Amino acid sequence: MKTNPFLLTDYYKVGHVFQYPAKTELVYSNLTPRSSRLKDVDEMVFFGMQYFIKEYLLAYFNDNFFHQPKEKVMADYKRRISTSLGAGLPTYNHLESLHDLGYLPIEIKALPEGSKVPMRVPCITIVNTLPEFYWLTNFLETLLSAVIWQPCTSASIAHAYRKLLNGYAAETGMPAEFVQWQGHDFSFRGMSSLETAILSGMGHLLSFAGTDTIPAIDALEQYYNANADKELIGGSVAATEHSVMCSGSKDGELETFKRLVTEVYPAGIVSIVSDTWDLWKVCTEYLPALKENILQRDGKVVIRPDSGDPVKIICGNPEGKTEAEQKGVVELLWDVFGGSITAQGYKLLDQHIGAIYGDSINLERAAQICEGLKAKGFASQVVFGIGSFTYQYNTRDTFGTAMKATYVVVDGEGREIFKNPVTDDGTKRSATGLLNVQQENGRYVLYDKVSWEEEAESELKTVFKNGRITKEFTLAEIRARLAE
């Protein structure tokens, strides 16, 4: 949707310009993660600001406001306000003056993208650069918040997956290069919108290379200076779905498997949905029948269960009715194809066969599967399809991100302001005054109530000022920073 960007807000924002004290000249605000609802995650990965600047502060505002005739944008704005708020506003001069100016007179400072931000430490500050546009600082809160929380949250969760899988890989002897493909983004179809899928998909790709969200790769090239011709942004493999397997008929399932691994994909990686009817029959009858065909391929056949309890399916269910159920997929694959023993003493399947699970995976289940495999003597070799069950079941409150003003200037007088509701448990308490973020012992810490000189020495650096982007980050830089 294309509309006047000053309508991309909550209704209550449009009247705030008239509510600040008379002669207000400056409003200084920050965006801060206040609390984590994720177990054992106490830092938020900061990501998505560069997208927001390029897509909204530059392209969207220019295309739909500054580069449109003033008469048109003002008529559209006045119509929407008058038809919804009734009496309208006392004046619209503030927007007319901004259109005449031709750019957004704000300065945004931010931590480097890919930074791990502790709770209650700001990752962004925003301030107006011309006194008459004091109202603009917090006007941007709604749009900024709506866009930025998802990529930060998904990047943080993906990083938590990567830390988990790195740990089990090191413990059980999986090659480090395998882990970058062990978390695969399956979330596209389950996200709330195309933009959500793109933002979340970009966040996933900060920690992994595996993805089925194609536009996330395009977005990283467009917004984060990546280049798929020169670097690995993301990739995937050939894979079937249930419609393919069903179309070959239940009685012809073995032939479908054989055709896929010998004719359609005689080489390379191919992932095959294997539970359309009977997963255990696939593992105990079809795969033994196709063993030589699979071992002769130059590539890997990946078995993909897609239903049931993922821990029991992969690791086995001691209470299962059959021996196959009790063993689980990985042990059944070992029975057929064997493999090797890692330096750490764990079983690693033959390189021609593997497994992926992508239904209702979350961090807890991924940990349970890795732990279950380790307990059975297997390396953490299963690939996880990380879908909307991970990336969509979140809100802005996952990290409690909020934008609050902490300093204003009224009639030449600076005022340190803060929020600390007596009815709150302390979560909503804001910082006070001007802010300085420093890195100490590898972790960001906040100092508030500082001077302008101290504020200028903060790790928060200018990334946008007066209609121009002043600092850009590449995907390679962000990945390297996050991996530190």
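Taking a Cβ cut-off of under 11 Å around residue 220, the surrounding Lys, Arg, Asp and Glu residues balance to a net charge of -2, with basic ones at +1 and acidic ones at -1. Per residue, the average separation of C-alpha pairs within less than 8 Å and at least 6 apart gives region 109-264 a relative contact order of 16 percent. Between residue 281 and residue 351, the FRET efficiency estimated from the beta carbon spacing at R0 = 30 angstrom works out to 0.75.
Once both labels are positioned 7 Å from their Cα atoms along Cα-to-Cβ, the gap between residue 371 and residue 480 label points is 3.7 nm.
Divide by every residue of the chain the summed helix terms, -39500 (n - 2.57) for each DSSP H run of at least 4, and state the resulting mean residue ellipticity at 222 nm, rounded to the nearest 500 deg cm²/dmol. Numbers along the way, then the final one.
Numbers: 18 runs with 161 residues, N = 484.
The per-residue figure over the chain is -9500 deg cm²/dmol.
Past the 43 angstrom mark, what percentage of all C-alpha to C-alpha distances in the chain do you count? Tail of P(r) above 43 Å: 28 percent of Cα pairs.
Annotated for region 169-391: lysine pairs at least 8 residues apart or interchain, Cα distance under 21 Å, count 26.
Taking all Cα pairs closer than 8 Å and separated by 6 or more residues, the relative contact order of region 314-362 comes to 25 percent. Relative protection proxy for 96-102, 379-385, from highest mean packing down: 379-385, 96-102 (other beta-carbon atoms within 10 angstrom). Potential lengthening of the chain between residue 289 and residue 432 amounts to 44.5 nm, from the contour at 0.36 nm per residue minus the alpha-carbon distance.
So how strong a dipole does the chain carry about its Cα centre when Lys and Arg Cβ are +1 and Asp and Glu Cβ are -1, to the nearest 20 debye? If you can, show how the numbers build up before the last one.
Values: 48 positive and 61 negative charges, 128 e Å.
I would put it at about 620 debye.
With a simple spin-label model that places each label point 7 Å from the Cα along the Cα-to-Cβ direction, the separation between residue 78 and residue 163 comes to 5.5 nm.
Simple point charges give the picture: +1 on the Cβ of Lys and Arg, -1 on the Cβ of Asp and Glu, and for region 169-391 a dipole about the Cα centre of about 320 debye. Estimate the FRET efficiency between residue 129 and residue 189 by the formula 1/(1 + (r/R0)^6), using the beta-carbon distance for r and 30 Å for R0, to the nearest 0.05. In this case the efficiency is close to 0.10.
Label separation (residue 11 vs residue 228): 4.4 nm, computed from points 7 Å beyond Cα along the C-beta direction. If you take every DSSP beta bridge whose two residues both sit in the chain, what share of them, in percent to the nearest 5, is antiparallel? Rounded to the nearest five, the antiparallel share is 70 percent. Other residues within the sphere of radius under 11 Å centred on the Cβ of residue 207, judged by their own Cβ, net out at +2 (K and R +1, D and E -1). Neighbours of residue 191 by Cβ distance under 13 Å: Lys/Arg scored +1, Asp/Glu scored -1, total -2. Ranking 427, 136, 159 by Cα position along the charge dipole of the chain, where only Lys, Arg, Asp and Glu carry charges on their C-beta atoms, puts 136 farthest toward the positive end.
Under the convention that each Lys and Arg Cβ holds +1 and each Asp and Glu Cβ holds -1, the size of the dipole of region 312-389 around its Cα centre is about 120 debye.
Students often forget the sequence filter, so: which lysines lie under 29 Å Cα-Cα from residue 23 once same-chain residues fewer than 8 apart are removed? Partners found: 13, 70, 78, 109, 404, 419, 428, 449, 461, 465.
Any read-out appearing in this document is the output of simple, stated calculations on the displayed coordinates, not a laboratory observation. The model shown is predicted, which means the values in this text are computed figures rather than measured ones. As a convention, Cβ positions derive from the backbone with ideal geometry for all residues, glycine included, and neighbour counts pool all protein chains shown.
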